[in-house]
Amino acid sequence: MPNEDVILNDSEAATRPPDIEATAAALDHSKRWTSFSLTALLILACVYTLYFGKSFLAPVILAIVFNLLLSPFVRALTKIRIPEALGAALVMLAGATIVSLAAYEFSGPVSEWVGRAPQILGKMSTGLEKLKMPVQKVTQAGEQVSKIAQVAPPAGKKPTEVEVKPPGILSGVFAKTRDLVLGVLVFVILLFFLLASGDLFLRKLIHVLPRLQDKKRAVVIMREIEDHISKYLITVAMINACLGLAGTCIFWAFGMPTPWLWGASAFLLNFIPYLGALTEIIMLGLVAASTFPHLGHALLVPASYLGLATLEANLFTPYIMGRRMTLNPVIVFAAVTFWGFLWGILGVFLAVPVLVMLKIVCEHIAPLAPIAEFLGQ
């Protein structure tokens, strides 16, 4: 009978064993989705921590990067039987002396040009008045339309006025100065202890790791990070110094005022990939336009530096750095933008060293090897 057949089919379906492959596929899909969700949450938590922990994390990471840069010099002093603490103090004292002398030499010209900035911008705005005339006409027409459409308040009733008081300027300056002083103190003290401790943390890490293979891998990663970061920063500094010297000669040949100042700014700004060269070109264009009467003469200065920076970025730097230390330019630009959003100017300077460290770590860990390949060029 039909009812009996339906009952038999339902009972057979109830007693039939489940499909193992379909169940396994469903569990695997659920596991992958859970893993993806947890990874996304972890990334968001890291970004949140980096953004709101800037005042503490930025000087710490900066001290770690400078420790990787200066450790070879401290180690060289230990070879001539100078204690690590004294060697760290000598290296930091030499670095502070160089920075202080450079700041003293450039403080006068920089303050002079900062004082002339309103005059330069005023002169540039005067030259752009002709280009602003159509925009001004459109703005005036919009104002007239808004006046016609404006509804007057009822008679005898005054409109409500809301007064917004801006925060005090002195309190904001004091807060920024306090954060800067605290950050510098944390950086200096932590850098000294890192340099003076030598390989203490590496020895601790080797002692904690259980397997011999992991101990060897940790030593290789740390030594390679230190070697690559030190070589990278020193090599980039030498390339930037040559770029600044060549730029100084070009600026002097074109008759730019204080050419050595713009050469020094080219040296510093070139540590920032892409954005640094763009900033230098804009500054040179403004100064040249306010200095020279002819537009063609003024445009030669930023154009010459653009050609010089293009040769440096596409010919000399890849040849000197080699493929191993060359990074994907798209990833570099994204990293500079990301760290600049998080930590401002300091993040822009730290973007490439952090990217180099990440690439080295990923190269020595098998599951992360595709990321290292993606980061490289």
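Going through Lys79, Lys54 one at a time, which residue ends up being of a type in the set (Lys, Arg) and over 26 Å from Arg223 (Cα atoms)?
Numbers: Lys79 fails: over 26 Å from Arg223 (Cα atoms).
Checking each option against the conditions leaves just Lys54.
When the residues of the stretch 260-300 are narrowed to those that are under 24 Å from the mean Cα position of the chain (by Cα) and of a type in the set (Phe, Trp, Tyr), which ends up farthest from Glu105 (Cα to Cα)?
Within the stretch 260-300, the match that is farthest from Glu105 (Cα to Cα) is Tyr274.
Can you tell me which of Ala372, Ala335 is surrounded by 19 or more Cβ atoms within 10 Å (Cβ to Cβ), touching a helix residue (DSSP H, G or I) at 6+ places or on another chain (Cβ under 6 Å) and assigned to a helix (DSSP H, G or I)?
From the options Ala372, Ala335, the qualifying one is Ala335.
Identify the residue in the stretch 221-244 that is of a type outside the set (A, V, I, L, M) and at pLDDT 85 or above and, among all such residues, is most open to solvent (accessible area, probe 1.4 Å).
It comes out as Cys242.
Return the total of residues in the stretch 301-325 being surrounded by 16 or more Cβ atoms within 10 Å (Cβ to Cβ) and more than 24 Å from the chain's Cα centre (by Cα).
Residues meeting the conditions: 3.
Filter the stretch 250-267 down to residues that are in contact (Cβ under 8 Å) with a residue 12 or more places away in the chain and either of a type in the set (Phe, Trp, Tyr) or open to solvent by 60 Å² or more (accessible area, probe 1.4 Å) (or both), then give me how many there are.
Within the stretch 250-267, residues that are in contact (Cβ under 8 Å) with a residue 12 or more places away in the chain and either of a type in the set (Phe, Trp, Tyr) or open to solvent by 60 Å² or more (accessible area, probe 1.4 Å) (or both) number 5.
The values are calculated or read from the model by the stated rules, or taken from the named source; none is laboratory data. Computed from a predicted structure; not experimentally measured. Using ideal geometry, Cβ is built from the backbone for each residue, glycine included, and neighbour counts are taken over all protein chains shown. Just so you know, the surface numbers come from the protein's heavy atoms only, side chains and all, with ligands and any DNA or RNA stripped out. Shrake-Rupley method; radii C 1.70, N 1.55, O 1.52, S 1.80 Å.
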